[in-house]
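The values are calculated or read from the model by the stated rules, or taken from the named source; none is laboratory data. Bear in mind that the values here come from a model prediction, so they are computed numbers and not experimental data. Because the Cβ atoms are built from the backbone with ideal geometry, glycine has one as well, and the counts that use them run over all protein chains shown. With ligands, DNA and RNA removed, areas are computed over all heavy atoms of the protein, side chains included. Shrake-Rupley method; radii C 1.70, N 1.55, O 1.52, S 1.80 Å.
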Amino acid sequence: MGGSLGCRACASTGDGAVTHENVVTYTQFLSAELIEGIVYGGADAGADPRWAESGAVSREEYATWCGHCCGMACLQMVLHHRDGRTPPLLELMRGCRSYGGYVERPDGEIKGLYYAPFAEYVGERHGLVAEVRPELTVAEIAGLLGAGRLVMASVHREIRRPERAAPGRGGHLVLITGCDGETISFRNPSGHSASSRAAVLPQATFAAFFAGRGISLALS
Ligand SMILES: [Zn+2]
């Protein structure tokens with residue numbers, strides 16, 4: 001294989017199971033081992049010693065944006081899966097923001113990710129064919145994966161602790177990488193443990209956290 005890895009190596013096994021192999025996990029907080037403290041212990045995300053790897057121009061910029069960048073970490077995973085490399089997290093954020101995918105209000109509140117401008121951004125800047133799916137079922141996700149796509153799905157952030165009851169649906173993006181008749185596999189940019197960052201859950205468990213919307217991405 002040459003420099004362009006593509007995604008053609010990822011294949012259906014023919015029994016309904018589909019998986020994208022060897023997807024590298026990218027996290028929205030650069031030091032994955034700090035995530036538990038950040039999301040459950042009140043630790044300052046801006047204290048991450050690896051902040052500059054995000055492409056941020058300052059620690060302050062990193063601290064402001066990393067909590068909003070689940071979708072950008074998903075995009076990093078998609079680009080790396082296709083190309084074997086990816087731009088840094090906040091470089092993607094700035095590009096996406098220039099399309100209106102993120103909006104910073106005068107009071108500093110950050111809104112987004114907005115799916116339609118994100119889809120336009122990744123199409124024009126990264127050659128990905130993105131389709132916004134405001135209504136999406138787990139069965140449809142399986143079909144999209146079977147057609148060679150990757151899917152960003154909106155789930156409740158507490159999907160990292162699936163043994164607990166879901167407090168709600170949606171608000172956080174994960175990247176679906178595989179499914180079979182019973183389970184769904186995904187990468188979680190804010191997973192606080194190895195098994196929550198590269199997760200495999202029963203589909204019914206996933207569905208309890210899933211908002212029923214997402215974005216499908218065709219890699220080639
Ligand atoms: Zn693949």
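Observations
- Scanning segment 1-38 for residues that are modelled with pLDDT under 70 and more than 17 Å from Thr177 (Cβ to Cβ) gives Met1, Gly2, Gly3, Ser4, Gly14, Asp15.
- Qualifying positions in segment 204-220 - buried (at least 20 other Cβ atoms within 10 Å of the Cβ) and in contact (Cβ under 8 Å) with a residue 60 or more places away in the chain: Phe206, Phe210, Gly214, Ile215, Ser216, Leu217, Leu219
- If the condition is being part of a loop (DSSP other than H, G, I, E, B), buried (at least 19 other Cβ atoms within 10 Å of the Cβ) and of a type outside the set (A, V, I, L, M), then segment 88-113 contributes only Gly101.
- Checked against (1) in a strand (DSSP E or B); (2) over 20 Å from Val18 (Cα atoms); (3) touching a helix residue (DSSP H, G or I) at 6+ places or on another chain (Cβ under 9 Å), Pro162 meets all criteria but (1).
- Answer from Tyr40, Tyr26 - the residue that is among the hydroxyl-bearing types (Ser, Thr, Tyr) and crowded, with 16+ Cβ neighbours inside 10 Å: Tyr26
- Scope segment 175-184; condition within 16 Å of the ligand (Cβ to nearest atom) and either under 17 Å from Glu158 (Cβ atoms) or open to solvent by 40 Å² or more (accessible area, probe 1.4 Å) (or both); matching residues: Asp180, Ile184
Here's the yes/no breakdown for (1) over 15 Å from Cys70 (Cβ atoms); (2) of a type in the set (D, E, K, R); (3) in contact with a Pro (Cβ under 9 Å, 6 or more places away or on another chain); (4) open to solvent by 30 Å² or more (accessible area, probe 1.4 Å):
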| site | (1), (2), (3), (4) |
| --- | --- |
| Ala139 | yes, no, no, yes |
| Arg149 | yes, yes, no, yes |
| Arg160 | no, yes, no, no |
| Phe186 | no, no, no, no |
| Pro189 | no, no, no, no |
| Ser193 | yes, no, no, yes |
| Pro202 | yes, no, yes, yes |
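- Condition met for Val129 (surrounded by fewer than 21 Cβ atoms within 10 Å (Cβ to Cβ), modelled with pLDDT of 95 or more and within 16 Å of the ligand (Cβ to nearest atom)): yes
- Of all residues making up segment 132-151, the number that are within 16 Å of the ligand (Cβ to nearest atom), out of contact with any Ser or Thr (no Cβ under 8 Å at 6 or more places or on another chain) and at pLDDT 95 or above: 1
- Apart from one condition, Glu135 fits all of (1) in contact with a strand residue (DSSP E or B) (Cβ under 7 Å, 6 or more places away or on another chain); (2) open to solvent by 10 Å² or more (accessible area, probe 1.4 Å); (3) closer than 28 Å to Val39 by Cβ; the exception is (3).
- Qualifying residue in segment 115-124 (condition: within 14 Å of the chain's Cα centre (by Cα), of a type in the set (Ser, Thr, Tyr) and surrounded by 15 or more Cβ atoms within 10 Å (Cβ to Cβ)): yes
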